[in-house]
Amino acid sequence: MGGKEKEKITPRRRFFTDLAHHIGLGAMGVLLWAGYTSKAKSSPLTLRPPAALDEEDFLKTCIKCGLCAEACQNRPQNKDVNGKQLPGTLKMAKAGDNVTIGTPFFIPRDVPCYMCDDIPCTKACPTEALDITRVTNPKTKELDIKMMRMGVAVVDVHSCIAFWGLQCDACYRACPLLDEAIKLVYNRNSRTGKHAFLEPKVDPDVCTGCGLCEKACVTEKPAIFVLPREVALGKVGAHYVRGWDKKDQQRVKERNLNDITTHDERSKKKPIDYLNSNSLGL
Ligand code: SF4
Ligand code: SF4
Ligand code: SF4
């Protein structure tokens, strides 16, 4: 036989070659998928269900079973007058949601959290990724949905029309903690001297992050929206002390600093004085 004889490919050999090929591709697929899902980290703006642990612990504890979302979907209020099922608040993340795949989250502008008194989502969680103690009054041992802190509502004062002087209290009226989590603050319009603004102001110590205000906001893109608390709120270092303590007051007294102000002679004058006189001291 001249030259190199072409290797015979028997059906058996083809079977194993194909098998190896598919296993290889499969294994590669599994590796790629595992890599993708582990890399598909949640956006820092992700809002988790009530009583969720802090994000890092939540991701370690949530087994992606979907029971919370199912309980949310099945709550009795989720039926309209004709018995039609309405969407639940919680969704389980899919590829492209920008949230770790298989974990629960919600988008208030689509469906906010309705702050169910019996908190079915949290009760359904088998792993304490939703920690019921976070929404249980330590004294009465009763569930208290007001204790949840899913996020905090933030007002964009540039797009909130109440800050333009227009009358709008949609967010205020939508809030389940009316006049507690969100208040309307009276502000005089210094431009006209006649009109007043009634501006929504959120108290972050009370706001639960339910997003009912965001859902109700009348602007095209909501001017009030919920952000995770780590994103929206600052943190004061432990070395800062709120207000003056007695020691400080005593020191001021001793040094006779009571009269010291931040205004020097120049800043007490009106800007017009500087324009009309050469008093800038330059
Ligand atoms: S409290 Fe109610 S509406 Fe809110 S996420 Fe849980 S089940 Fe859904
Ligand atoms: S019920 Fe708990 S463990 Fe299951 S998906 Fe929801 S948060 Fe995760
Ligand atoms: S998110 Fe909005 S509606 Fe919900 S408690 Fe906070 S201010 Fe009220």
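The values are calculated or read from the model by the stated rules, or taken from the named source; none is laboratory data. Source: prediction; values computed, not measured. When we count neighbours, we look across all protein chains shown, and the Cβ atoms used for this are built from the backbone with ideal geometry, even at glycine.
Values as computed for the structure displayed
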quantity: Check on residue 145, within 16 Å of ligand 3 (Cβ to nearest atom), crowded, with 17+ Cβ neighbours inside 10 Å, of a type outside the set (Gly, Ala, Ser) and touching a residue at least 40 places away in the same chain (Cβ under 8 Å); calculated: yes
quantity: Residues of segment 35-71 satisfying the condition of being at pLDDT below 95 and of a type in the set (Val, Ile, Thr); calculated: 37
quantity: Only listed residue being surrounded by 14 or more Cβ atoms within 10 Å (Cβ to Cβ), in a loop (DSSP other than H, G, I, E, B) and either away from ligand 2 (no atom under 16 Å from the Cβ) or under 18 Å from the mean Cα position of the chain (by Cα) (or both), chosen from 117, 110, 97; calculated: 97
quantity: Given (1) in the same structural domain as residue 67 (by TED's automatic domain parsing); (2) in contact (Cβ under 8 Å) with a residue 24 or more places away in the chain; (3) surrounded by fewer than 19 Cβ atoms within 10 Å (Cβ to Cβ), number of the condition residue 137 does not satisfy; calculated: (2)
quantity: Selected residue [at pLDDT below 95 and small (Gly, Ala, Ser)] from 211, 151, 237; calculated: 237
quantity: Residue ID - farthest from ligand 1 (Cβ to nearest atom), chosen from residues in segment 177-215 that are closer than 16 Å to residue 154 by Cβ and without any contact (Cβ under 8 Å) to a residue 24 or more places away in the chain; calculated: 185
quantity: Which numbered condition residue 209 misses (of (1) within 30 Å of residue 61 (Cα to Cα); (2) over 17 Å from the mean Cα position of the chain (by Cα); (3) not assigned by TED's automatic domain parsing to the domain that holds residue 46); calculated: (2)
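Yes or no, residue by residue, for (1) of a type in the set (D, E, K, R); (2) within 14 Å of ligand 1 (Cβ to nearest atom):
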{"position": "53", "(1), (2)": "no, no"}
{"position": "59", "(1), (2)": "no, no"}
{"position": "68", "(1), (2)": "no, yes"}
{"position": "73", "(1), (2)": "no, yes"}
{"position": "91", "(1), (2)": "yes, yes"}
{"position": "114", "(1), (2)": "no, yes"}
{"position": "124", "(1), (2)": "no, yes"}
{"position": "127", "(1), (2)": "no, no"}
